[in-house]
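Beneath this line is the structure, given in structure tokens, with notes to follow.
Quick note: the coordinates plus some simple rules give every number you see, no bench work behind them. This structure is a prediction, so every number in the text was calculated from the model and none was measured. Please note: Cβ atoms are built from the backbone with ideal geometry, for glycine as well, and neighbour counts cover all protein chains shown.
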Amino acid sequence: MDLFGSFALTLAFICAVYAFIGGVFAIRTRHPLLVKSTRQAGIATCILIFAGTFSLEYLFFSDDFSSAYVVAHSNRDLSAFYKVAALWSGQEGSLLFWSFLLAIYVFSVLMTYRHKNGELMPYVGVVLAGVQIFFLTLNNFVASPFKSLGVAGVGGAMHFVARADGNGLNPLLQYPEMVIHPPNLYAGYTGFTIPFAFALGALLARYPGEKWIHLTRKWTMIAWGFQTAGVLLGAHWAYAVLGWGGYWAWDPVENASLLPWLTATAFLHSVMMQEKRGMMKVWNVWLVFITFLLCITGTFLTRSGIVASVHAFAQSSIGNWFLGFIGVILLVCFVAYFKNRDYLKSENQLDSIVSRESSFLFNNLILLVSCIAVLSGTLFPVFSEWLSSSRISVGAPFFNKVNVPIGLLLLFLTGVGPLLAWRKTSAESLRRNFAWPLGIGLIGGVLAFAFGFRQFYSLICLTLCVFVAATISMEFYRGAKVIRARSGASFLASGVDLTMRNTRRYGGYIVHMGMVLIFVGLAGVAFNKDVQKDMQPGQTMQIGQYTLRLQSVDSKPEKNYTAERMNVEVLRDNKQLMMLYPERRKFNTTEQSGTMVAIYSTLKEDLYVVYAGISPETEVPVIHAYLNPLVKFIWFGGAVVVLGTLVALLPNRKSVLVLSAVHQTVPHAIPGQPLAQPFRPTPAMREGRD
Amino acid sequence: MTSVRVRKRFPWTILCVVLTLGLVAATLRAQQTDKAKEIGGKLLCGVGTPMCDCKQILTQCNHVGCRNSSGMLKTLDEGVANGDSETTIVQRFVAEFGTAVLSEPPKSGLNLVAWYLPGTTLFAGVLLVFFVISRWRKRAVSAPAAPGAGAEISPEMLARARARASRETQD
């Protein structure tokens, strides 16, 4: 089967090369048969990559321990669930998985637009094939997952051997989140290839601006949704598995996943200015280019070992390949831009600093500054060592100090943006729109202060959260009120109707609401507490309002590991609340150990208990308990963000009810004749807010 | 009589003194723990050593038995108990492990680039946005009136304007 997989990937490489070279000729000659055959070569490339990937999974499921990759990342006792995840647990497999996800996107794009956008698609196909060639080069010639275990026999001939069992999967990866976190994150990374291909293709083809933007919007949102889910699942994995009480350590690999998310978020906002007003064309094209470049840079950081990280793969020469690829992409982007920059001329200009457009502009600026702060902080130790030969660490305190104010500014703009009108906002409108949300926000701040939120950033964060939530709620309330007045439906039904009529706008607001919830969760960090204690069975420790009593420590053999488990009784006000079972797992094959945190989670706080091991000094079990307020808001907010993204992807429902009402009140305009009754727009319509 | 009263009060006095001393000791201990946590937050565990290169914040290192964190935390606690200043304690670690032991770059020399880059970018960006907007506005004011301006608005022009307004104001 490894031969089959290897053969499929080689064929895929050949097809991709043909799709690329044939595509270039098809663009030049515009020969319909050549265009068709290169598109089909692109589709064949994807199918062959699927075949290669499934053959590697087959090797895992059939426990084929003649394959070096299977030996390194699986064993017989590994459950089927984790055998799926074993595919991306090593460098070679994860690169194949990257190709696989990219192939899904490419296949979908080529099939969706096979009879549409004939002028643009050959360019898009060439760009996609170019990216696929790079990854297939790695899959075939640099990091092939289809290497067999071989030993040199007499006379130098190779004999293939098979091991009785494999080394097993890395214990840190044997958690449910690890089965869904990497696919989400990779689907985000690879998904940004599609807007990149469309942007570069449209620039090369000088294709009308709004059209490519319109075509790629959904693909960008899909990739963004996956990236968001991936980042949050990664944070949840770190929280539940690594056992240090936090969810974001600003590790270089975590940062690498955040970088394209920041620029893609900026793009999703600024793209509206191009769609609505034909502005920011150059900016948008470069945002897409930079997002894709940051995806590759993130992979480079993970693969090259240039920065130390708990996530990083071993240092290898593969980083040079990525560096070369980044160089090629940059060169292509610069050349394409300089040759066609006149095509990216803005159609309109900004009329006022107090407008929806300028709020998007500032939102973009802040997201980009955040991106620069994270990127420079991540790479600074490397540059510092090159320039001054001294090693510097850039840890979480630096990133928090720099990014917290930036994040709060962004949160403020999230609330301000929807209150501003396109083109220009009058002073009266500002007063009218800001009065309530600002008042509610301030009341929220005072209440937070009264309830003990005295830490400066936490207090500001909560005040802003209330302000933004009020803004969003008012947008829903106003819209639903109008629909309710016309249709007579309930308020909830009117709200749903409103959302379904403009899914993009109201889906976006749901995403913003999710972000507000995430920020509420982040505000809780200022009140984290932790206690560590060596404990004999029967002893107790106190954290917040909870008393923890260690009842016993027992050992439980499982199929793939042995769990050493603490039985911890949790008491509140001297009454038993529940039992928690934090454990340490020792994996049979690797002899490595892992933590399994026990969490009692409420909306108010998480009681997070870690069995930290046996103290070498006292030789008694060590328990480390944390009290983390508001953490649940982060996970709940993440789910709301994903829900909002899904809503925004839905097509708009036709507004039948409103149209019939409008027909009754506003007469049709007859060309050449004035309207019988003057049309009186609502204040919101006058301000250009829908 | 007096001696009896003194004798009677003596155990209470002792108890009060012990309790006060206990309270003071507990407060000092809590202050020491807080101080140790604060200083520990500025240091990284296991920098550049093969034993535990976890690079976690020293007081967050969750590797029990980690030879770095145990030793480093002991040094930290001793420093705090001796009443050493934060600078002295931190310098002690820097002398042993180098500047890489610090969880954030020192605010001096080349490291200032890391600290000032985000703020400078933000400031420059804001200036740029204001500059671009003011230039656009000036250009819009000085631009000549469109041909046909002032003439009667045809239905086609009105329809075009309405379509544009609709496109630009939705969302």
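For the reader, a short list of remarks on this structure follows.
- By the beta-carbon count within 10 Å of each Cβ, the least crowded to most crowded order of A:Asp63, A:Asp606, fewest first, is A:Asp63, A:Asp606.
- The ranking of A:Ser355, A:Ser384 by Cβ neighbour count inside 10 Å, starting from the fewest, reads A:Ser355, A:Ser384.
- Estimated 222 nm signal from helices in chain A, with DSSP H stretches of n ≥ 4 weighted -39500 (n - 2.57), rounded to 500: -20500 deg cm²/dmol
- Relative contact order computed over chain A (Cα-Cα under 8 Å; 6+ residues apart), in percent: 10 percent
- Listed by chain and number, the lysines whose C-alpha is less than 28 Å from the C-alpha of A:Lys211, apart from same-chain residues fewer than 8 away, are A:Lys36, A:Lys116, A:Lys276, A:Lys281, A:Lys339, A:Lys345, A:Lys424, A:Lys654.
- Against the empirical curve 2.2 N^0.38 Å, the C-alpha radius of gyration of chain A lands at a ratio of 1.07.
- For the pair A:Lys529 and A:Asn167 in one chain, pulling the backbone fully straight at 0.36 nm per residue adds 126.5 nm over the alpha carbon distance.
- Here the calculated FRET efficiency for A:Trp436 and B:Val94, from their Cβ-Cβ distance with R0 = 45 Å, stands at 0.30, rounded to the nearest 0.05.
- Ranked list, fewest to most other Cβ atoms within 10 Å of each Cβ, for A:Phe434, A:Phe399: A:Phe434, A:Phe399
- R0 of 35 Å, Cβ-Cβ distance A:Phe491-B:Thr120: FRET efficiency to nearest 0.05: 0.10
- Set of lysines with alpha-carbon distance to B:Lys42 below 19 Å, sequence-local pairs under 8 removed: A:Lys401, A:Lys529, B:Lys55, B:Lys74, B:Lys107
- Averaged over the residues of B:95-105, the number of partner chain Cβ atoms lying within 10 Å of the residue Cβ comes to 5.
- Rounded D (µm²/s) - segment A:527-633, Kirkwood Rh over Cα pairs, Stokes-Einstein at 25 °C, 0.890 mPa s: 172 µm²/s
- Lysines whose Cα lies under 17 Å from that of A:Lys83, excluding same-chain neighbours fewer than 8 positions away: A:Lys559
- Rounded to the nearest 0.05, the FRET efficiency derived from the C-beta distance between A:Trp386 and A:Val335 at R0 = 30 Å is 0.60.
- Spin-label pair A:Ile21-A:Glu558: with each label point 7 Å from Cα along the Cα-Cβ axis, the two points sit 5.2 nm from one another.
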